[in-house]
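For reference, the structure is listed below as structure tokens.
Values in this text are rule-based calculations from the coordinates and carry no lab data. Every value quoted in this text rests on a predicted model; they were computed, and no experiment measured them. Here the Cβ positions follow ideal geometry from the backbone for every residue, glycine too, while neighbour counts run over all protein chains shown.
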Amino acid sequence: MIVKIGAAVIAATLVISMLIAGGVSGALSSILGGSGRPSATALADIPADYLALYRAAAGVCPGLDWSILAAIGKVETDHGRSTLVGVHSGENSAGAAGPMQFLAPTFATVTAQHTIPPGGQTPPSRYNTHDAIYAAAHYLCDNGARDDKDLYRAIFTYNNADWYVRKVLDQAAIYTQATSETAAACAAVQSASDLAVAPAALVAVRFACGELGEPYVWGGDGDAEGGWDCSGLTKAAYAAAGIKLERVAQDQYNMGPLVPAGSALQAGDLVYYGSDIASIAHVGIAISPTHMVNAPEPGTVVRIDKIGRPLAVTRPGLAWPARH
């Protein structure tokens with residue numbers, strides 16, 4: 001909740017600034033790790049539309065990690081899922097409202113000083129998720145988050161309490177920590193140089209793992225479109241290894257070579273889904289015999305999914321050593 005700063009708070013903020021000047025800011029950068037990929041916890045907890053907005057809005061402030069915005073959204077309203085007064089309508093007892101809990105005067109000031117990009121309401125509304133998240137990014141930036149100059153003060157200004165800053169930073173760390181089977185599966189492949197897997201496959205899998213958390217965009221080929229679709233990701237993954245694939249899943253399947261039915265899957269295998277082999281509708285890239293990096297569908301992000309029972313499997317490249 002954003003509140004006004006009184007004289008005592010200003011004094012406290014000056015002390016905090018002095019601490020940061022002594023090295024605390026650098027420590028925060030180390031903890032947050034810069035522009036971190038979403039952890040498995042983040043992918044499971046943050047609605048896909050909110051996650052996309054947190055990541056996009058952080059771009060208006062150099063040095064601001066998306067995880068700080070996401071952590072504030074979590075602490076304030078559980079990413080808009082809270083049913084408390086002031087989240088979707090009205091105001092709470094302090095006058096805060098919306099998914100990022102802005103006071104009306106603060107929101108008005110921020111939106112007067114900064115242009116909120118298209119995608120929200122006209123004029124901007126603190127109840128609109130898009131507008132509120134972008135306004136929060138600008139507000140943090142104006143109060144110290146730019147270039148990670150004074151992140152502690154920026155968060156403290158958002159809600160004047162040390163416990164609040166600690167809670168936000170702790171949550172941000174959780175959202176960028178590489179934990180769970182998702183990270184473990186990718187990490188295992190990325191250190192698998194001694195396994196009987198073609199080098200090109202390892203390069204392709206490492207590329208795909210590096211895109212975890214990116215938004216699904218139909219027809220997406222990466223940053224230019226703001227995300228990936230399934231075959232755009234697999235094409236780019238193998239392009240990183242010097243292997244050219246066709247653009248759509250059906251054509252990638254047609255390129256082969258096919259892996260015989262019943263064979264053990266290897267990292268880098270492309271797994272296909274559809275009603276029959278003439279109607280391939282989806283493709284993922286295996287990172288183990290049981291899991292794949294997958295760009296599933298609109299409203300989701302690139303993530304680790306179970307392979308299940310694919311219709312067919314191909315193994316791009318020519319030299320694939322036998323497993324020992």
Between the modelled labels at S263 and D142 (7 Å from Cα along Cα→Cβ) the distance in nm is 6.1
What pairs in K74/K149; K167/K306; K74/K306 have C-alpha atoms more than 30 Å from each other? K167/K306
Distance between the stretch 194-253 and the stretch 33-100 - C-alpha centres, whole angstrom: 29
Under 16 Å from the Cα of K244, which lysines turn up, not counting those fewer than eight places away in the same chain? K235
